[in-house]
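S.K.: Just passing along the structure, written as structure tokens.
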Amino acid sequence: MANDLIQPEKSSPSSSFPRIIGKSEPIKKVFAMIGKVCSTNSTVLIQGESGTGKELIAKALHYNGNRAAGPFIPVNCGAIPTELLESELLGHEKGAFTHAIRTRQGRFELADNGTLFLDEIAEMSPVLQVKILRVLQERQFERIGGSKTIKSDFRVIAATNRNLADEVKHGRFREDLYYRLTVLPVFAPSLRERLNDIELLAEYFVKKFNRDKERSIRGIEPEVISSFLNYPWPGNVRELENVIERMVILAEGEMLTVADLPERFVNGTSSALAGDIQEIPPQGFCLSDVVGNYEKRIIIQAMKQTGWVKNQAAKLINVNRTTLLEKMKRFKINKEDFV
């Protein structure tokens, strides 16, 4: 089985991160793209659902390219309040605003000779988008409260789980910044598109959590893999990792069995999607629409069961709260429409 692993990344002395694992055609396309663009300085935009490993792809691009010796500086644009993100990126001078008690370098400056990874870039405010566009065009900027122009030789890799073209169409993202970012687009496939990788990934995570949790699970029963293949994985690889961690910790035997599966796999949820479609119509259908409708129904059900408490609903379907909120926004799920 190990010979089937495609692991293009080389561990560098300054990095230790999980390798991207897979043998499916969609992931092979990602590997091919990494090989083509890793040694260029052009901007890359990675698009894909939450949990598909966009940061791993960004790290693979960095550590396999000509900037591997430089820093890899990640910024989660969705996790930092809007009023603080500008300072985080550009830095500030002492006294520039309240609590600015010392001069601070920004992420653009820290990424000199390396890579700046802008995750969840669609969450950036329109005002800040204008400033970031200027920095990308000119490769120079001023810290907040400063007048000195600072130059930095950085490469930008951005990522988003939204369709930026749609965001531009609806006026939520600047068109000029969109074209600046999409010089080299990379698409991170969902786990639903990588069914051939599920067994490989599951085995990898078992080994990982055997080490981390000091367990000695020998393998996974075929019935468990069958359940995995029939499940839609709204949380993608991250959800699979969480499921395996739980199973490894709670397993009573040396093998992971159906008895170790979370309840949603046992009560028929895992086969619900397949059960909805008895036969594909002659004219076909859009797979993403079918899967999207299924995800929407599951989220609505989870919200109803938990009384619309988002933290509880996220735990019920084993996704993080940010992912749940993103999907509710995308599917336009509002409590007022269902109560």
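Every number here is computed from the coordinates shown, using simple stated rules; none is lab data. For clarity, every value in this text was computed on a predicted model and none was experimentally measured. Counting neighbours? That spans all protein chains shown, and the Cβs are built from the backbone with ideal geometry, glycine included.
S.K.: If the only charges are +1 at each Lys and Arg Cβ and -1 at each Asp and Glu Cβ, what is the size of the charge dipole of region 286-339 around the Cα centre, to the nearest 20 debye?
M.R.: Numbers: 11 positive and 5 negative charges, 32 e Å.
With only Lys, Arg, Asp and Glu charged at Cβ, the dipole is about 160 debye.
S.K.: Restricting the count to DSSP beta bridges whose residues both fall in the chain, what percent are antiparallel, rounded to a multiple of 5? Don't skip to the answer; put the middle values down first.
M.R.: Values: 5 of 25 bridges.
That works out to approximately 20 percent antiparallel.
S.K.: I would also like to ask the following. Using the count of nearby Cβ atoms within 10 Å as a rough guide to exposure, how do Leu240, Leu61 rank from fewest to most? Write down the numbers at each step before the final one.
M.R.: On the way: Leu240 22, Leu61 28.
Least to most surrounded, the residues fall as Leu240, Leu61.
S.K.: Taking Lys327 as the anchor, which aspartates and glutamates have their alpha carbon closer than 13 Å to its alpha carbon, excluding any fewer than eight residues away along the same chain?
M.R.: Once the sequence-local aspartates and glutamates are set aside, what remains near Lys327 is Glu49, Glu295.
S.K.: For every other residue with a beta carbon closer than 11 angstrom to the beta carbon of Tyr231, add +1 if it is Lys or Arg and -1 if Asp or Glu, then tell me the sum. Walk me through the numbers before you get to the answer.
M.R.: Working: positive: Arg192, Arg264; negative: Glu239.
Result for the local shell: +1.
S.K.: What lysines could a cross-link reach from Lys148, if we take a straight Cα to Cα line under 20 Å and drop same-chain neighbours fewer than 8 places away?
M.R.: Lys94, Lys131
S.K.: Please compute the Kirkwood hydrodynamic radius of region 190-276 from all pairs of different C-alpha atoms, in Å with one decimal.
M.R.: Details: mean 1/r = 0.0771 Å⁻¹.
Here the Kirkwood hydrodynamic radius works out to 13.0 Å.
S.K.: Further, regarding this structure: Using a 10 Å cut-off on Cβ atoms, rank the peptides 120-129, 206-215 from the highest mean neighbour count down.
M.R.: On the way: 120-129: 18.0, 206-215: 13.5.
Packing proxy ranking, top to bottom: 120-129, 206-215.
S.K.: Using Cα pairs closer than 8 Å and at least 6 residues apart in sequence, work out the relative contact order for the chain, in percent. Write down the numbers at each step before the final one.
M.R.: Values: 509 pairs, mean separation 57.4, N = 339.
Here the relative contact order equals 17 percent.
S.K.: Then there's this: In the structure displayed, which of Lys54/Lys315; Lys296/Lys335; Lys54/Lys151; Lys28/Lys315; Lys23/Lys208 lie more than 24 Å apart, Cα to Cα? Provide the component values of the computation, followed by the final result.
M.R.: Details: Lys54/Lys315 22 Å; Lys296/Lys335 13 Å; Lys54/Lys151 28 Å; Lys28/Lys315 32 Å; Lys23/Lys208 19 Å.
Table pairs above 24 Å Cα-Cα are Lys54/Lys151; Lys28/Lys315.
S.K.: Here's a follow-up. Taking the convex hull of the Cα atoms, report for region 2-189 its projected area averaged over all directions, in nm².
M.R.: Numbers: hull surface 44.9 nm².
With the hull built on Cα positions only, its mean projection is 11.2 nm².
S.K.: If Lys and Arg each add +1 and Asp and Glu each add -1, what is the summed charge of the other residues whose beta carbon sits under 11 Å from the beta carbon of Glu193? Don't skip to the answer; put the middle values down first.
M.R.: On the way: positive: Lys29, Arg192, Arg194; negative: Glu25, Glu49, Asp197.
Net charge in that neighbourhood comes out at 0.
S.K.: If I fit a long axis through the Cα atoms of helix 287-305 and take the longest principal axis of the Cα atoms of the chain, what angle between them do I get, 0 to 90°, rounded to 10?
M.R.: Orientation of helix 287-305: about 80 degrees from the principal axis.
S.K.: If the cut-off is 15 Å between C-alpha atoms, which aspartates and glutamates fall inside it for Lys59, apart from same-chain ones fewer than 8 positions away?
M.R.: Cross-link targets: Glu9, Asp119.
S.K.: If the only charges are +1 at each Lys and Arg Cβ and -1 at each Asp and Glu Cβ, what is the size of the charge dipole of the chain around the Cα centre, to the nearest 20 debye? Provide the component values of the computation, followed by the final result.
M.R.: Values: 47 positive and 43 negative charges, 206 e Å.
I would put it at about 980 debye.
S.K.: For a footprinting-style exposure proxy, rank Met303, Met255, Met33 by other Cβ within 10 Å, fewest first. Before the final figure, lay out the partial values.
M.R.: On the way: Met303 23, Met255 13, Met33 18.
By the 10 Å Cβ count, ascending, the order reads Met255, Met33, Met303.
S.K.: A follow-up question, please. Explain nothing, just the number: dipole magnitude of region 5-159 about its Cα centre with +1 on each Lys and Arg Cβ and -1 on each Asp and Glu Cβ, in debye rounded to the nearest 20. Present the calculation step by step, with values, prior to reporting the outcome.
M.R.: On the way: 20 positive and 16 negative charges, 104 e Å.
Using only the charged Cβ atoms, the result is roughly 500 debye.
S.K.: Then there is this: Rounded to two decimals, what is the ratio between the C-alpha radius of gyration of region 68-149 and 2.2 N^0.38 Å? Please list the in-between numbers first.
M.R.: Details: Rg = 12.4 Å, N = 82, 2.2 N^0.38 = 11.7 Å.
Relative to the rule-of-thumb radius for its length, region 68-149 sits at 1.06.
S.K.: Which order do His170, His99, His62 fall in if you start with the one that has the fewest other Cβ atoms within 10 Å?
M.R.: On the way: His170 8, His99 5, His62 26.
The most exposed by this proxy come first: His99, His170, His62.
S.K.: Give me the percent relative contact order of region 286-339, please, defined on Cα pairs under 8 angstrom at least 6 residues apart.
M.R.: Details: 28 pairs, mean separation 16.3, N = 54.
Once normalised by length, the contact order is 30 percent.
S.K.: Can you give the Rg to Rh ratio for the chain, taking only C-alpha atoms and Rh from Kirkwood? It would help to have the intermediate numbers written out before the result.
M.R.: Details: Rg = 21.9 Å, Rh = 22.0 Å.
Taking Rg over the Kirkwood Rh, I get 0.99.
S.K.: Quick one: if the Förster radius is 25 Å, what FRET efficiency do Asn210 and Asn230 give, using the C-beta to C-beta distance and rounding to 0.05? Don't jump to the answer; show the numbers that get you there.
M.R.: Details: r = 26 Å, r/R0 = 1.02.
My answer for the efficiency is 0.45.
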